[in-house]
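Chemist: Structure in C-alpha cells, see below.
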Amino acid sequence: MEILIIGDTHIPNRAEWLPKKIDDFITSKRFDLLICTGDLTDRKVLDYLKNLSDRVIAVSGNMDHLPLPEQQTTKAGNLKLGIIHGHQVYPRGDVSQLKEIAYDLGVDVLIHGHTHSADIYFKDVLLLNPGSATGVWSGGKASLIPSFIIANVEGQRVDVELFELREGELKVTRRSFEL
C-alpha cells in the first residue's frame, strides 16, 4: 500500500500553492491512501488532494476552519495508524507526548504535523511528521524546507521515503522499519 503523507500547506494564507516540483511529482502518481496532517486552511487544497487518491484521511489543524476531525485511525497492512495535527502537544513535536498519544490510541504508527519540520522517529512506536509541503513558517522552529513523505506498507513492514525540496531538487531519504 502506497501512502502519501502531507500537511501544513497553509494555502493561501502563507503560500500561494505547492512548489512546482512537489506538485508535479505527487500529481504524476496515484496513491492507495493519502493522509493529511491538517492546516490546509482552504477547501480547494482538500479538493486537490482528493484527486490524488480514492481514499483521503485528513485531520483538522489549529489554523483550519474545515469540518475535519481532530484525530483519526486507520489500518494499513497489518498496522494501525493514528493521525493528529500535533497542536495538542506542547512544546511542539515533544516525542514523549506524541508517544503517549500513540499509546492512548493503540496505534503502531502516529502521523503528525504542526512543527513544519519533517521527522522520522522510531523507538517502540513509529512517529512520522511530513513537515510542511510548502515550507512555510510556523510559530516554532520550522525548517522552511518543503517536504512530504511516501510510505509503503506491507504487512508489518514500513518503507519510508522523506522527500525534501533542497536547492531546487527533490532529495529523498529512505528508511525501513519492521514493526
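The values are calculated or read from the model by the stated rules, or taken from the named source; none is laboratory data. Not measured: the values here are computed from a predicted model. Note that we place each Cβ from the backbone using ideal geometry, even for glycine, and neighbour counts take in every protein chain shown.
Chemist: Tell me, please, whether a residue that is surrounded by 14 or more Cβ atoms within 10 Å (Cβ to Cβ), under 16 Å from the mean Cα position of the chain (by Cα) and free of Cβ contacts under 8 Å to residues at least 60 places away in the same chain can be found in segment 130-140.
Modeler: no
Chemist: A further question on this structure: I'd like the residue in segment 31-49 that is part of a loop (DSSP other than H, G, I, E, B) and not hydrophobic (A, V, I, L, M, F, W, C) and, out of all such residues, is farthest from residue 105 (Cα to Cα).
Modeler: Among those residues, the one meeting the criterion is 42.
Chemist: Using beta carbons and a limit of 8 Å, which pairs, at least six apart or on different chains, have the first residue in segment 26-37 and within 11 Å of residue 51 (Cα to Cα) and the second one among the polar types (S, T, N, Q)?
Modeler: Correct list of pairs: 27/51; 30/53; 31/53; 34/53.
Chemist: Same structure again: Within segment 50-57, does at least one residue satisfy the condition of being in contact with a Cys (Cβ under 8 Å, 6 or more places away or on another chain), aliphatic (A, V, I, L, M) and in a strand (DSSP E or B)?
Modeler: yes
Chemist: Is it the case that some residue within segment 68-87 is at pLDDT below 95, touching an Asp or Glu at 6+ places or on another chain (Cβ under 8 Å) and not basic (Lys, Arg)?
Modeler: Yes, segment 68-87 has at least one match.
Chemist: Give the residue that is surrounded by the most Cβ atoms within 10 Å (Cβ to Cβ), with candidates limited to residues of segment 119-128 that are within 17 Å of residue 152 (Cα to Cα) and of a type outside the set (Phe, Trp, Tyr).
Modeler: The residue in question is 128.
Chemist: Does residue 86 satisfy the condition of being among the small types (Gly, Ala, Ser), without any contact (Cβ under 8 Å) to a residue 60 or more places away in the chain and within 15 Å of residue 59 (Cβ to Cβ)?
Modeler: yes
Chemist: Right, here's the next one. Among the residues of segment 100-116 satisfying the criterion of being of a type in the set (Val, Ile, Thr) and without any contact (Cβ under 8 Å) to a residue 40 or more places away in the chain, which is surrounded by the fewest Cβ atoms within 10 Å (Cβ to Cβ)?
Modeler: The qualifying residue surrounded by the fewest Cβ atoms within 10 Å (Cβ to Cβ) is 101.
Chemist: Okay, next question. If you scan segment 142-179, which residues turn out to be surrounded by fewer than 16 Cβ atoms within 10 Å (Cβ to Cβ), out of contact with any Lys or Arg (no Cβ under 8 Å at 6 or more places or on another chain) and free of Cβ contacts under 8 Å to residues at least 60 places away in the same chain?
Modeler: 144, 166, 167, 171, 172, 173, 174, 175
Chemist: With 124, 94, 119, 54 as the choices, which residue is farther than 24 Å from residue 27 by Cβ, out of contact with any helix residue (DSSP H, G or I) (no Cβ under 6 Å at 6 or more places or on another chain) and without any contact (Cβ under 8 Å) to a residue 24 or more places away in the chain?
Modeler: Going through 124, 94, 119, 54 in turn, just one is farther than 24 Å from residue 27 by Cβ, out of contact with any helix residue (DSSP H, G or I) (no Cβ under 6 Å at 6 or more places or on another chain) and without any contact (Cβ under 8 Å) to a residue 24 or more places away in the chain: 94.
Chemist: Would you point out the residue of segment 38-47, among those that are touching a residue at least 24 places away in the same chain (Cβ under 8 Å) and under 18 Å from residue 114 (Cβ atoms), that is surrounded by the fewest Cβ atoms within 10 Å (Cβ to Cβ)?
Modeler: It comes out as 42.
Chemist: Here's something else I'd like to know. Of the conditions (1) under 24 Å from residue 41 (Cα atoms); (2) at pLDDT 95 or above, residue 139 satisfies every one except a single condition; which number is it?
Modeler: Looking at each condition in turn, residue 139 falls short on (2).
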